[in-house]
Amino acid sequence: MEKALRAYAEVLRLVRLLPKDSRGYYAKYARENFVNYRQVDPSDSDDLFQRTYNHSLWVLHKYSIDKSAADKLKGICCA
């Protein structure tokens, strides 16, 4: 659970790098996903963390933000 909370906090930090008009959408999207998957089987959690990181990279790329901004999230999700 602690790893999920750290990942969620880091995703929200990345959302602040997005253009102002899209922040609300992605913050809500992240919250909904973290809430929906809070009762996931621990054996599936590694896959979800990898998807979290990959999707974050996709969003950053969409808005032309350097992927190095997600290095901390990579350390949380892919360790």
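The values are calculated or read from the model by the stated rules, or taken from the named source; none is laboratory data. The shown structure was predicted, so the numbers you read here are calculated from the model rather than taken from an experiment. FYI the Cβ positions are ideal-geometry reconstructions off the backbone, even for glycines, and counts take in every protein chain you see. Calculation scope for accessible area: heavy atoms of the full protein, side chains included, ligands and nucleic acids excluded. Shrake-Rupley method; radii C 1.70, N 1.55, O 1.52, S 1.80 Å.
Taking the criterion of being touching a helix residue (DSSP H, G or I) at 6+ places or on another chain (Cβ under 7 Å) and not aliphatic (A, V, I, L, M), the residues of segment 64-79 that qualify are LYS67, LYS72, LYS74, CYS77, CYS78. Listed by first and then second residue, the pairs linking a residue in segment 5-22 that is in contact (Cβ under 8 Å) with a residue 24 or more places away in the chain and small (Gly, Ala, Ser) to a residue that is open to solvent by less than 80 Å² (accessible area, probe 1.4 Å) and part of a helix (DSSP H, G or I), with Cβ atoms under 6 Å apart and 6 or more places separating them unless they lie on different chains, are ALA7/THR52; ALA7/ILE76; ALA7/CYS77. Of all residues in segment 41-60, one or more are outside any helix (DSSP H, G or I), modelled with pLDDT under 95 and surrounded by fewer than 14 Cβ atoms within 10 Å (Cβ to Cβ). Checking ALA79, ALA69 one by one, the residue that is among the small types (Gly, Ala, Ser) and either in contact with a His (Cβ under 7 Å, 6 or more places away or on another chain) or in a helix (DSSP H, G or I) (or both) is ALA69 and no other. Just to be sure before I move on: is VAL59 among the β-branched types (Val, Ile, Thr) and more than 9 Å from the chain's Cα centre (by Cα) in the structure I sent? Criteria met by VAL59.
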